[in-house]
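Visitor: Below is a structure I'd like to ask you about.
The values are calculated or read from the model by the stated rules, or taken from the named source; none is laboratory data. What you are looking at is a predicted structure, and each value in this text was computed from that prediction instead of being measured. Positions of Cβ are generated from backbone atoms using ideal geometry, with glycine treated the same way; all protein chains shown enter the neighbour counts. Each accessible area value is taken on the protein alone, full model and side chains, heavy atoms only, with ligands, DNA and RNA left out. Shrake-Rupley method; radii C 1.70, N 1.55, O 1.52, S 1.80 Å.
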Amino acid sequence: MEVLVMESEVIGNSDFCRESELNTQKVSLVNNKDIHRSQLSNGTLPISSNKSQAYHSIVQPSYEPPPNYRSHGAIMKNEAPARIIPIAALNPYQGRWAIKARVTSKGELRRYNNARGDGKVFSFDLLDSDGGEIRVTCFNAVIDRFYDVVEVGKVYIISKGSLKPSQKNFNHLSNDWEIFLDSTSTVELCPEEDCSIPAQQFNFKSISDIEHSENNSIVDLIATVILVNPSVTILRKNGMETQRRIIILKDTSGRNVELTLWGDFCNTEGRQLQEILESGSYPSLAVKAGKVSDFSGKSVGTISATQLFINPDIPEALRLREWFDREGKDSSSLSISRDAMIGFPFPRNEIRRNVAQIKDEGLGRGNKPDWVTVKAIVSFIKTDSFCYSACPLLIGDRQCNKKVTKLANGSWFCVRCDREFDACEYRYLLQAQVQDHTGVVWVTAFQESGEDILGCTAKELFMFKEHDVVKFAEIVRSCLFLEFLLRLKIKEEHYGEEQRVKITVVKAERVNPSTESRYLLEEITKVQ
C-alpha cells in the first residue's frame, strides 16, 4: 500500500527536512520499480499525466498481531497474618489489621427488645502499650463465641472487626471509633504476659476540679474514704428495686465529695470499705469512669463501666496515704456535695419534718417526689397482707420480683417471664401506721425497709404465720411503739381518676440516742 502526500512549504530545520526528503525519495523509487515490474508481468501499463501533481510516498509499518496472554489461574489470597498496629492508628479504611491489647473492663451481658426483636449485647475495653484505648462490642451470636473467652487483665490479639463511630452516650473512652466483632473476627489469647501493657490507665482529677466539671461528664479520681453510709433500697421508675450506698471521699485539694454506689457495688466494694473503716483504717479508693452529677451540689456516681480499686498499688495512692497520715486526717475540708455528719445515718442537710407537716406543706404534690426524714413510732401493722409471692427468676443480672400466681398443680407461674417453677420468693409489701406528737400517717415499706422494721425476712415471717402463730405475733408486737428514723419518699400518684399521695419508707433505722443527741445539739446551736 502506498500513501501519497502533497508537497508543502518546509518549516523549521531545513537540513533535517532535506535529509528526510532524500530518504523518502529513495524509498519511493524502490517501491515504484517494484510496482512497475508487477504491472509489466500482468500486461498492464501505467498511465502518466503531465497535469497530475507530484506526490511523495510514506511507508506504513507492517501489521503485527497483539500478544497472546495466557491465564495462569486464580490470584492467590494473601493468607499472611495481619500486621499488629497501635490502637491509635486504627481507622475504618484499613482492610486488614490486628491489635494487641489488654482487657481493662468487661461489661455485663445485657438483653434488649426493640422493633427488630429480642437481642443481647456486651462490650469490653482494651488498652495497648502506647496508651491507646478502644471499646469492643459484640451482639447476639458473636457473644456466644467471645463472652467466656474474654477475661479482665488478659492480653489478646484481635483482628477482622469493623470500625464504626463510637456512641458517646454509652462510650466514655476518648477514642472516636469503636470495634464491632462479627462472625469472621478472631480473639486470640496471648500465652505470655506482656509487661509493656499496663493493667489500667487513669486520668485522675482532683475533687476541686470535679467541682467545675460539667454535668454527666466521666472522670477518674483517687481519694481517701472517710465515711461509708448504710446501703438503702431505691425503687426505680420501672418498678424495679436497686441498692444505693453513699460514701464520702477526701483528697489533697481540701475538698470532699459524695460517691454514690449503685447496685452490686453496694454489697461488694461498699461492704468491704465499711469493714475497713470499722477496723479503724481509712482506705484509699481509685475510681475509674465515675459520672458527675450536679444534683444538690456536685457528686460522683457509679455506672456500668465504673471500676473501683481499693488501696491500689500505684504512686498516686502512696502519695495520698502519706498526705493523709501526715496532715489530711486532722485537717478540715469543704464539701462540694451535701454534707454528711459522721455517725449520723442520713446526710446532715437531710430535711427533717414531722407528720403534720407532710400534709400542711403539700409534700409530694409537685412534679418531683419529696424526700424527708421523720422521727416516729410504728403504731400499727397490717398482718393480713404484709407480703406477696414474687418471681425468683433472673432477668439479666436482676431478680424479676413480679407477683406470681399459684397453679392447680402446686407450681407457680410468672406472666412476665412466662415460666413455671416449684417455689417462689416472698417480699414485703408492708402497710403500717406511723405517728409522732403531731399526727398519724399510713406508709408502705418494701423488702429492705420492711426487714429494717420487723427484723426478719418476709419469707421467715410468712412461715411463722403459717406454722407458729405465737412467734409471728411476738415478732410483730416487738417492733411496735419503738422510735425509728424513717427516710420517706412522698409522691402523688394517680389511681384511676383519683389522685393520692403515696408515702414509701426507703430506709428505717432505730433511733440511736447518742447520734440523735448530737443532731439536736447542733440544731439548737443554729437557733442561737
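Visitor: Accessible area of region 87-244 with a 1.4 Å probe: how many percent of it is carbon plus sulfur?
Guide: Roughly 48 percent of what the probe reaches on region 87-244 is carbon or sulfur.
Visitor: Which whole-number percent is the relative contact order of region 207-335 (Cα, under 8 Å, 6+ apart)?
Guide: 29 percent.
Visitor: What is the distance in Å between the Cα centroid of region 448-497 and that of region 209-235?
Guide: Their Cα centres are 32 Å away from one another.
Visitor: Moving on to the next point. Taking H as built 1.01 Å from N, whose amide H comes closer than 5 Å to the amide H of Ala376, not counting residues under 5 places away?
Guide: Phe484, Leu486
Visitor: So what is the accessible area of region 87-189 per residue, in Å², with the probe set to 1.4 Å?
Guide: 52
Visitor: About the Cα centre of region 150-193, what is the dipole size in debye to 20, counting +1 per Lys and Arg Cβ and -1 per Asp and Glu Cβ, all else neutral?
Guide: About 240 debye.
Visitor: Explain nothing, just the number: relative contact order of region 152-272, from Cα pairs under 8 Å at least 6 residues apart, as a whole percent.
Guide: It rounds to 18 percent for region 152-272.
Visitor: Which FRET efficiency value, to the nearest 0.05, is calculated for Asp313 and Ser217 with the Förster distance at 30 angstrom and r the Cβ-Cβ distance?
Guide: About 0.65, to the nearest 0.05.
Visitor: What's the ranking of 188-198, 509-519, 256-266 by average number of surrounding C-beta atoms within 10 Å, highest first?
Guide: 256-266, 509-519, 188-198
Visitor: Work through the residues other than Tyr282 whose Cβ is under 14 Å from its Cβ and net out their charges, Lys, Arg +1 and Asp, Glu -1.
Guide: Residues close to Tyr282 contribute a combined charge of -3.
Visitor: Continuing with this model, one more query. If you put +1 on each Lys and Arg Cβ and -1 on each Asp and Glu Cβ, how big is the dipole of region 207-335 around its Cα centre, in Debye rounded to 20?
Guide: It comes to approximately 340 debye.
Visitor: Oh, and also: Report, in listed order, any pair from Lys291/Lys502; Lys382/Lys459; Lys250/Lys507; Lys168/Lys402; Lys375/Lys403; Lys154/Lys205 with a Cα-Cα distance greater than 24 Å.
Guide: In this structure, Lys291/Lys502; Lys250/Lys507; Lys168/Lys402; Lys375/Lys403; Lys154/Lys205 exceed 24 Å between Cα atoms.
Visitor: Still on this structure, please answer the following. How do the peptides 362-370, 284-292 rank, highest first, by the average count of neighbouring beta carbon atoms within 10 Å per residue?
Guide: The densest-packed peptide leads the list: 284-292, 362-370.
Visitor: What does the highest-first list of 242-252, 131-141, 472-482 look like by mean Cβ count within 10 Å?
Guide: Going by the mean number of other Cβ atoms within 10 Å, highest first, we get 242-252, 131-141, 472-482.
Visitor: Of Leu334, Leu261, Ile222, whose Cα points farthest to the positive end of the dipole of region 207-335 (charges on the beta-carbon: +1 Lys, Arg; -1 Asp, Glu; origin at the Cα centre)?
Guide: Leu261
Visitor: A follow-up question, please. How big is D for region 207-335, in µm² s⁻¹ as a whole number, if Stokes-Einstein is applied with the Kirkwood radius of its Cα pairs at 10 °C and 1.306 mPa s?
Guide: 106
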